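Scroll down for the structure; my scribbles are underneath it.
The values are calculated or read from the model by the stated rules, or taken from the named source; none is laboratory data. Here the structure is a predicted model, which means the values were calculated and not measured. No Cβ is skipped: glycine too gets one built from the backbone with ideal geometry, and neighbour counts run over all protein chains shown. The area values use the complete protein model at the heavy-atom level, side chains included, leaving out ligands, DNA and RNA. Shrake-Rupley method; radii C 1.70, N 1.55, O 1.52, S 1.80 Å.
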Amino acid sequence: MNEPTQLQKAQDFIARHAGPRMLVLPNAWDVVSARVIEEAGFPAIATSSAGVAWALGYADGERISRGEMLAVVRRIVQGVRVPVTADVEAGYGATPEAAAETARGVLATGAIGLNLEDATEEGLLLDLALQVERVRAVREAGTAARVPLVINARTDAFEVKHWSPAERFTAAVRRANAYRAAGADCVFVPHVSDADTIGRLAREIAGPLNVIAGPPAPPLGQLESLGVRRASLGPRIVQATLGLIRRITAELHERGTYEALADLVIPFAEIQRLIDR
């Protein structure tokens with residue numbers, strides 16, 4: 001069977017935001033984690049910007065360069081058959097031109113979508129009008145490339161510390177709807193995990209809502225019933241993986257035993273098959 005083209009992957013990916021089921025995206029940070037996710041049966045893969053950065057020795061928050069991030073995205077795309085959407089943080093530059101350059105780079109890797117954040121390193125948000133222009137610039141980059149780049153516009157309104165909960169909610173809805181009007185296919189509102197707030201966001205945002213799944217968020221079935229159309233795991237899987245490594249190595253160092261490894265080791269030959277197919 002022929003592998004789908006980038007255009008076909010993009011069309012398939014965007015269609016999944018309309019149902020019938022919520023799109024669930026575990027986040028990969030390298031080729032082998034992406035292959036394990038694909039083998040589990042997920043129809044698409046998202047990358048974890050934090051996971052990629054940590055694996056290469058950078059802290060999260062655009063400490064990694066655009067080129068290094070996209071090089072990993074390219075390897076992941078080449079390693080799987082399903083669509084890949086890339087977390088490219090805030091686009092590696094605050095201008096619309098920088099966001100467009102990042103979008104073109106994402107398309108050049110073979111990926112079919114991207115996340116674009118509106119947060120700044122100071123814990124504030126970019127000016128709304130500027131972020132709208134950045135979303136439009138990314139949309140135009142996809143149009144010029146004749147690939148319907150799937151834009152997941154993220155707002156970090158719930159992370160603004162000096163706002164009240166009501167102010168955060170109002171800003172999140174206002175920004176999400178503005179990004180949708182500017183051409184975003186989906187809006188991503190992280191840092192919220194209570195069911196009531198998630199349900200209100202789903203009702204007041206005019207388009208597919210993406211939230212972070214995993215603890216402490218509600219289970220996937222409840223997120224879907226609340227109106228969420230896309231659930232990603234963000235850095236949760238890589239955090240849990242690092243937690244497992246810490247547990248294994250602590251046991252080895254302190255007790256010299258292997259209980260934490262029991263029933264978890266994937267056979268060597270199976271990993272070889274995942275990679276060399």
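Miscellaneous remarks
- A Förster radius of 30 Å, combined with the Cβ-Cβ distance separating GLU204 from THR241, puts the computed FRET efficiency at roughly 0.30.
- Taking every protein chain into account, the accessible area of the chain amounts to 48 square angstrom per residue (probe 1.4 Å).
- In Å, descending, principal axis extents of the Cα set of the range 39-129: 40, 26, 22
- Evaluated over the range 94-207, the Cα radius of gyration and Dmax, each in Å: 14.1, 42
- With one equal scatterer per alpha carbon and no solvent term, the Debye-computed log10 I(q)/I(0) for the chain at 0.13, 0.14 1/Å reads -0.86, -1.00.
- Around the amide H of ASN27, modelled in the peptide plane, lie the amide H atoms of LEU233, GLY234, ILE237, all under 5 Å away and 5 or more residues distant in sequence or on another chain.
- From phi via Karplus (6.51, -1.76, 1.60), per-residue ³J(HN,Hα) for the range 214-226 in Hz, x at Gly/Pro: x, x, x, 5, x, x, 4, x, 6, 4, 4, 5, 7
- Sorting the segments 108-114, 248-254, 31-37 by their mean number of nearby beta carbons within 10 angstrom, highest to lowest, gives 108-114, 31-37, 248-254.
- Taking amide H atoms as placed 1.01 Å from N in the peptide plane, the amide H of PHE188 lies under 5 Å from those of ALA153, ARG154, THR155, ASN210, each 5 or more residues away in sequence or on another chain.
- Highest-fluctuation residue, ARG247, ARG154, ARG66 considered, GNM on the chain with Cα pairs under 10 Å: ARG247
- Of the trypsin sites (Lys or Arg not before Pro) found in the range 159-238, the ones in coil according to DSSP and having at most 13 other Cβ atoms within 10 Å of their Cβ are LYS161.
- Accessible surface of the chain [probe 1.4 Å, protein heavy atoms]: carbon and sulfur percent: 55 percent
- Helical segments meeting 15 Å axial Cα length and Kyte-Doolittle 0.0 threshold in the chain (DSSP H): 66-79, 96-109, 128-145, 236-254
- Across every direction, the projection of the convex hull enclosing the Cα atoms of the range 154-239 has a mean area of 5.4 nm².
- Where the alpha-carbon atoms of the range 1-56 are placed on the principal axes, they occupy 34, 27, 20 Å, in descending order.
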